[in-house]
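Everything on this sheet refers to the single structure shown next.
Nothing in this text is a laboratory measurement; each read-out follows from the coordinates by a stated rule. Model, not experiment: these values are computed from the prediction. All Cβ positions, glycine included, derive from the backbone under ideal geometry; neighbour counts span all protein chains shown.
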Amino acid sequence: MISEKILKSADKFHINLGIQRVKLMLALLDNPQKKYKIIHVAGTNGKGSTCKIINDILIKHFENTDKKIGLYTSPHLFSYCERIKINNIDIKENIFDRLIFDLDKFAKKNNISLTEFELLTTTALYYFYIKKVDYVILETGLGGRLDATNTVEPILEIITTIDFDHVDRLGNTINKIAFEKAGIIKQNSKVIVARDNQGFEVIEKVASSKNAQILKLPKLELKDNFVIYKNEKIKFNLHGSHQIKNLALALCAIENIGFSIDIKEIKSALEKIKWKYRLDFISPNLLLDCAHNPSGIRTLVKYLENISQEKNIVFGCLKTKDYNTMSDLLLSVKNIKNYYFFEFDYPNALKFDELDMRYKNIFKKIEKSDIEKIIKDKNLTVITGSIYMLGSLFEERKIDWEDIF
């Protein structure tokens, strides 16, 4: 793809926080982001799941109408096109290629130097405009205050779990990170955040300074693998207690979106929802989870505590992450048969030789060709870490894991 060469070029494939470049681009494009209603989502973990839940409920509600729902998330597994969807359909490669090429050329003509994520964000916001979408669920990339997506005026803002990640850019304390995430809060807006969230006091202070209202989350009860919501027993396919927190945030958004959605539509959407590679059982003996930071690994470890079956763990991540803490957390899991480390081909991917000696003595370096042998083991195999690792593993080997069993 021409677009991939542009996006991964040396002048774009880096992070340069700030909103002025995208803001200028959007102004030159007649501010397409003002032509539809936006729900803006920030946080350390849980953003993608929260966005997906809202997206699927809205699609279900409008399924017999001409309304369109846009979804912008990151990162991607196999293709950049996955990041930009309308009614759960990825943008077509030829359209994506053309928009990236044209918008990059337009930016250079106007002496605007966009990073990869800034160009992607501009492309998404412009694409949603030309396709005449009605609502967009927009996920931040990194932080919030200086994130490229923070050029919009949303109808609702959501802040998911706050935890340590990107400390070199967002700060090395929870309060500093919470302040950056709270940067998406606009004047006189409505904010959705759990009151037991780390950094809530900081978020509350920012909201108060902007006269923004913090909405009350609905009460949910988890019972026998079902969620009780408004006295309705609902099957919810996303695994893990943390997903119940994400569900509460999403349902609060649905309750405050400005129109009524029938509980039957909500129930239907939640029973069918699937978010790939988030505590995702491909088979009874293969679990995939893109836990890409300590908070994500901590959630995975908590989930695995309830599984007594002997396990193999395959791990790989980016060197920009706190991989020592992630490794320590994985080593705390009980009933582990083998720990494996997988090197994948991606910029900044962590190499086995870069591991501390104490981890080299426990993790066994594994090749792609060995993965299939391991997952045929009668034990549970857990493949976790960077979403880019999972994407690289699945795409490059063209494995349809479900065909193996």
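With runs of 4+ DSSP H residues as the only contributors, calculate the mean residue ellipticity of the chain at 222 nm using -39,500 (n - 2.57) per run, divided by the residue total and rounded to the nearest 500.
Value at 222 nm, helices only: -11000 deg cm²/dmol.
Please report the net charge: other residues with Cβ closer than 15 Å to the Cβ of K337, K and R +1, D and E -1.
Net local charge, K337 excluded: +3.
Looking at the range 280-398 from every direction and averaging, what is the projected area of its Cα convex hull in nm²? Can you show the working numbers first?
Working: hull surface 26.4 nm².
Averaged projected area of the range 280-398's Cα convex hull equals 6.6 nm².
Just report the Cα centroid separation between the range 246-260 and the range 1-67, whole Å.
20 Å
Using the Cα gyration tensor of the range 343-395, with a ≥ b ≥ c the square roots of its eigenvalues, what is the shape: rounded (a/c below 1.5), prolate (a/b larger than b/c) or oblate (neither)? Walk me through the intermediate numbers first.
On the way: a/c = 2.08, a/b = 1.16, b/c = 1.79.
Here the range 343-395 falls in the oblate category.
Output the pairs from K186/K302; K105/K272; K23/K52; K92/K219; K176/K276 with a Cα-Cα distance over 29 Å in this structure; if there are none, say none.
K186/K302; K105/K272; K92/K219; K176/K276, as the Cα separations exceed 29 Å there.
Would you kindly compute the Cα radius of gyration of the chain and its largest Cα-Cα separation (Dmax), both in Å?
Using the Cα atoms of the chain, the pair Rg, Dmax is 21.0, 60 Å.
Which of the peptides 355-364, 377-386 is most tightly packed, and how do the rest follow, judged by the mean count of other Cβ atoms within 10 Å per residue?
Highest mean packing first, the order is 377-386, 355-364.
Which trypsin sites (Lys or Arg not before Pro) does the range 180-216 hold that lie in a coil by DSSP with at most 12 other beta carbons within 10 Å?
For trypsin sites (Lys or Arg not before Pro) across the range 180-216 that sit outside H, G, I, E and B with at most 12 neighbouring Cβ atoms in 10 Å, the list reads R195, K216.
Within the range 207-315, report the chymotrypsin sites (Phe, Trp or Tyr not before Pro) that DSSP leaves as loop and that have at most 12 other Cβ atoms within 10 Å.
F259
Give me the net charge of I184's neighbourhood, meaning all other residues with Cβ under 13 Å from the Cβ of I184; Lys, Arg count +1, Asp, Glu -1.
Residues near I184 contribute +1 overall.
What is the range 48-171 by shape, rounded, prolate or oblate, if you read a ≥ b ≥ c off the alpha carbon gyration tensor as root eigenvalues and call it rounded for a/c under 1.5, prolate for a/b larger than b/c, and oblate otherwise?
On the way: a/c = 1.77, a/b = 1.07, b/c = 1.66.
Oblate, since a/c reaches 1.5 and b/c is not below a/b.
Once phi is turned into θ = phi - 60°, what whole-Hz ³J(HN,Hα) does the Karplus curve with 6.51, -1.76 and 1.60 give for every residue of the range 296-312, x standing for Gly and Pro?
x, 5, 4, 5, 4, 4, 4, 5, 5, 4, 8, 10, 7, 4, 5, 10, 10
What is the distance in Å between the Cα centroid of the range 319-366 and that of the range 130-162?
Here the two parts' Cα centres lie 33 Å apart.
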